[in-house]
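Visitor: My questions all concern the structure below.
The values are calculated or read from the model by the stated rules, or taken from the named source; none is laboratory data. For clarity, every value in this text was computed on a predicted model and none was experimentally measured. Backbone-built Cβ (ideal geometry, glycine too); neighbour counts: all protein chains shown.
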Amino acid sequence: MNALGLGGIVGTVLLGAALLGAISGMLGAFAVLRRQSLLGDTLAHAALPGICLGFILAGTRDLASILTGAFATGALAALAMMLIIRRSTLKTDAALGIVLSVFFAVGVVLLTFVQGQGNAASAGLATFLFGQAAAILRADLWVMAGVGLAALGVVLALWKEFKLVSFDPEFARVQGLPVFWLEAALTVLVALAIVVGLQLVGVVLMVALLIAPAAAARQWTHSLGAMVVLSALIGAASGAGGALISAHVRGLATGPVVVLIATGFVLVSLLAAPGRGVIWQAVAARHARARISDRRVLTTLQGLATAHADTRYPAEGGMLKTALGAMPRAAHLAGLEARGLIRPVTHPPETTPHWELTSAGHTEAARLQDKLLPPQADTAPPPLARKPRP
């Protein structure tokens, strides 16, 4: 194969992966906010029996028939899930687990049956489990672009409704919105994204491309609009990066690499996102502990003792953490203990550490509290001036 041909294949896969990542990221944001992360996994696994049925009906590996069958069984699985939730006492996660297991089991049975018929074309059906990026054609890009534009149009047209359903479906129902049909529309869009992504990522890994970009974007913003846009960008970057890496490193499948890059975005976001990242929170907690002075510890203990009308009230560590915003360092508490201002005590049956103020601690806390009080203004009226005698 010449360089031009290789470049054409790589360009097609690159563009297809970026389009799929953007579509999945945009729609996955709503699934994450609706706490239905398992929805994508359920619909992806439910597509397997549709793939097999499409092959059986077409008699060959016709992509249009296979994807139509995948969408049909995916939509049927979504309908079954919604009916189980509405017609039974089962929660969403239980309904999703039931539908996923049943449909995937049927798909495995059908796949085994088809492969046992001796049709040579059936060997390619197994690639839909983990994807085969090299099978993407330029014609498939038009399908992906069409699905992406249609999904974007629906999201923009029903933005306010989708936003309300995602955050507070009960309030949306009270407002008279057709919550069932709005949720069904979101589910159908997710099913479409899964269908177009089966060739690239496959049934097993498709859920990661739906959820990972949205989970990463959620750490960086508090706005739905920004989250949807950022999730789409992360998905597109993951898809493009996976396609480039797999093209330059022999033996690497595109789908798993795309998922690993998206997972990398999640890890970075969980660690470094401002306000929510683990590193950010650790630094903030360290600064909060550094701002905890002797005065704050002593006056907090005195305030708890006063509130409970007990000068020897034992304050638990969790109470100090709640009142001060962070738990004082052990060295800080040891310093106050060495100065005779506090002492550790036990408080059966609790086994957690407790502290109480000593007499010297109460005196020091009162002194520090008095230093913080503003000076009292002299509010007494001025003395009346005596009139001079004539």
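Visitor: Given the criterion assigned by TED's automatic domain parsing to the domain that holds Val13, among the polar types (S, T, N, Q) and in contact (Cβ under 8 Å) with a residue 12 or more places away in the chain, identify the matching residue among Thr300, Thr254. Full working, then the answer.
Guide: On the way: Thr300 fails: assigned by TED's automatic domain parsing to the domain that holds Val13.
When all the criteria are applied, what remains is Thr254.
Visitor: For the stretch 306-322: of the residues being under 42 Å from the mean Cα position of the chain (by Cα) and of a type in the set (A, V, I, L, M, F, W, C), which is farthest from Ala334 (Cα to Cα)?
Guide: Checking each candidate, the answer is Ala307.
Visitor: Look through Thr73, Thr68, Thr60 and report the one residue that is at pLDDT below 80, under 17 Å from Leu110 (Cα atoms) and not aromatic (Phe, Trp, Tyr). Break it down into steps so the answer makes sense when it comes.
Guide: Details: Thr73 fails: at pLDDT below 80; Thr68 fails: at pLDDT below 80.
Unique residue meeting the criteria: Thr60.
Visitor: Just checking, which of Ile211, Ile234 is in a helix (DSSP H, G or I), modelled with pLDDT of 85 or more and under 21 Å from Ala70 (Cα atoms)?
Guide: Values: Ile234 fails: under 21 Å from Ala70 (Cα atoms).
Sole residue among the options that is in a helix (DSSP H, G or I), modelled with pLDDT of 85 or more and under 21 Å from Ala70 (Cα atoms): Ile211.
Visitor: Out of curiosity, is Gly28 crowded, with 16+ Cβ neighbours inside 10 Å, part of a helix (DSSP H, G or I) and touching a residue at least 60 places away in the same chain (Cβ under 8 Å)? Break it down into steps so the answer makes sense when it comes.
Guide: Details: crowded, with 16+ Cβ neighbours inside 10 Å: yes; part of a helix (DSSP H, G or I): yes; touching a residue at least 60 places away in the same chain (Cβ under 8 Å): yes.
Yes, satisfied.
Visitor: Which numbered condition in (1) at pLDDT below 85; (2) buried (at least 22 other Cβ atoms within 10 Å of the Cβ) is the only one that Phe103 fails?
Guide: Phe103 satisfies all of (1) at pLDDT below 85; (2) buried (at least 22 other Cβ atoms within 10 Å of the Cβ) except (1).
Visitor: Moving to a separate point now. Test Leu57 against the criterion of being surrounded by 24 or more Cβ atoms within 10 Å (Cβ to Cβ) and either assigned to a helix (DSSP H, G or I) or of a type in the set (A, V, I, L, M, F, W, C) (or both), and give yes or no. Full working, then the answer.
Guide: Details: surrounded by 24 or more Cβ atoms within 10 Å (Cβ to Cβ): no; either assigned to a helix (DSSP H, G or I) or of a type in the set (A, V, I, L, M, F, W, C) (or both): yes.
Taking the combined requirement at face value, the residue does not satisfy it.
Visitor: Same structure again: When you go through Ser238, Ser231, Ser246 one by one, which is the residue that is in contact with a Lys or Arg (Cβ under 9 Å, 6 or more places away or on another chain) and crowded, with 20+ Cβ neighbours inside 10 Å? Break it down into steps so the answer makes sense when it comes.
Guide: Numbers: Ser238 fails: in contact with a Lys or Arg (Cβ under 9 Å, 6 or more places away or on another chain); Ser246 fails: in contact with a Lys or Arg (Cβ under 9 Å, 6 or more places away or on another chain).
Result of the check over Ser238, Ser231, Ser246: Ser231.
Visitor: Give the stretch 163-185 a look and list any residue that's more than 17 Å from Met82 (Cα to Cα), in a helix (DSSP H, G or I) and either not small (Gly, Ala, Ser) or not assigned by TED's automatic domain parsing to the domain that holds Leu43 (or both), or say none.
Guide: Lys163, Leu164, Phe167, Phe171, Val174, listed by residue number.
Visitor: Which pairs do you get when a residue that is on the phi < 0 side of the Ramachandran plot, found in the stretch 49-67, comes within reach of a residue that is among the basic types (Lys, Arg), reach meaning Cβ atoms under 7 angstrom, with the pair 6+ apart or on two chains?
Guide: Phe55/Arg61
Visitor: Right, here's the next one. Against the definition (closer than 30 Å to Gly275 by Cβ and not in a strand (DSSP E or B)), how does Thr306 come out, yes or no? Give the derivation first.
Guide: On the way: closer than 30 Å to Gly275 by Cβ: no; not in a strand (DSSP E or B): yes.
No: the conditions fail for Thr306.
Visitor: For residues that are surrounded by 24 or more Cβ atoms within 10 Å (Cβ to Cβ) and of a type in the set (Val, Ile, Thr), scanning just the stretch 197-225, find the one that is farthest from Leu260 (Cα to Cα).
Guide: Val203
Okay, residues lined up against (1) within 26 Å of Ala31 (Cα to Cα); (2) out of contact with any His (no Cβ under 9 Å at 6 or more places or on another chain); (3) at pLDDT 85 or above; (4) hydroxyl-bearing (Ser, Thr, Tyr):
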residue	(1), (2), (3), (4)
Asn119	no, yes, no, no
Gly131	yes, yes, no, no
Arg138	no, yes, no, no
Met144	yes, yes, no, no
Ala150	yes, yes, yes, no
Ala157	yes, yes, yes, no
Arg173	yes, yes, yes, no
Leu177	yes, yes, yes, no
Ala185	yes, yes, yes, no
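Visitor: A further question on this structure: Mind checking which residues of the stretch 326-342 are loosely packed, with under 15 Cβ neighbours inside 10 Å and not in a helix (DSSP H, G or I)?
Guide: Across the stretch 326-342, the qualifying residues are Arg329, Arg339, Gly340.
Visitor: Sort through Ala18, Ala44, Ala78 and tell me the only one that's in a helix (DSSP H, G or I) and modelled with pLDDT of 85 or more.
Guide: Sole residue among the options that is in a helix (DSSP H, G or I) and modelled with pLDDT of 85 or more: Ala18.
Visitor: Now, a different point. Would the stretch 146-155 turn up any residue that is farther than 24 Å from Leu76 by Cβ, buried (at least 17 other Cβ atoms within 10 Å of the Cβ) and without any contact (Cβ under 8 Å) to a residue 60 or more places away in the chain?
Guide: No, the stretch 146-155 has no match at all.
Visitor: Which condition breaks for Gln281 when tested against (1) in a helix (DSSP H, G or I); (2) touching a helix residue (DSSP H, G or I) at 6+ places or on another chain (Cβ under 9 Å)?
Guide: Condition (2) is where Gln281 drops out.
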